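Trainee: Have a look at this one before I ask anything.
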Amino acid sequence: MTGAETTGGRGSDEAPLTQDSPEQFFELKERDQQALLEWIEESFQFSIDWTEDHSSELRYLFMRGRRGFYIYNGSFKGAMREAGFEHKDADRNGTNWYFRARYIGTAR
């Protein structure tokens with residue numbers, strides 16, 4: 001396994017997750033999942049327009065915040081998907097995603 005892969009609670013017969021896999025969200029502790037989802041709810045509104053920044057860039061807004069902590073790109077992608085935001089690939093291999101969302105900042 002390389003540094004870009006994790007297995008978490010997954011069985012050994014399953015392919016390892018990469019740090020860009022949206023399923024990384026479910027590898028976070030439940031309290032960390034909740035904190036990330038709450039931040040997304042406070043920070044984004046649904047929009048018909050696509051974000052200018054892609055997922056890897058947007059995750060830094062969270063990580064640099066007062067309540068932030070390190071997360072993989074995949075964790076952020078999975079959280080935005082769980083929050084109901086539509087996404088599309090920002091690059092050919094789907095490493096990064098754009099979202100139909102507007103960043104409104106956070107009050108905290």
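Trainee: Can you give the FRET efficiency for Phe69 and Gln45, using 1/(1 + (r/R0)^6), R0 = 22 Å, r = Cβ-Cβ distance, to the nearest 0.05?
Mentor: 0.40
Trainee: Using every Cα-Cα pair within the stretch 44-108, state what percent have a distance larger than 15 Å.
Mentor: Above the 15 Å cut-off, the stretch 44-108 has 48 percent of its Cα pairs.
Trainee: Between Thr18 and Leu37, with labels modelled 7 Å along Cα→Cβ, what's the label distance in nm to one decimal, could you check?
Mentor: 2.7
Trainee: Top mean-square fluctuation among Arg81, Arg92, Arg59, Gaussian network model of the chain, C-alpha springs under 10 Å?
Mentor: Arg92
Trainee: Sorting check: for 31-37, 60-66, 20-26, which peptide has the highest mean count of neighbouring beta carbons within 10 Å, and how do the rest follow?
Mentor: 20-26, 31-37, 60-66
Trainee: Given 0.36 nm per residue, what is the gain on full extension from Arg81 to Glu57 after removing their alpha carbon distance, in nm?
Mentor: Gain on stretching Arg81 to Glu57: 7.0 nm.
Where a number appears in this text, it was derived from the coordinates with a stated rule and is not lab data. Bear in mind the structure is a predicted one, so any value in this text is a computation, not a measurement. As a convention, Cβ positions derive from the backbone with ideal geometry for all residues, glycine included, and neighbour counts pool all protein chains shown.
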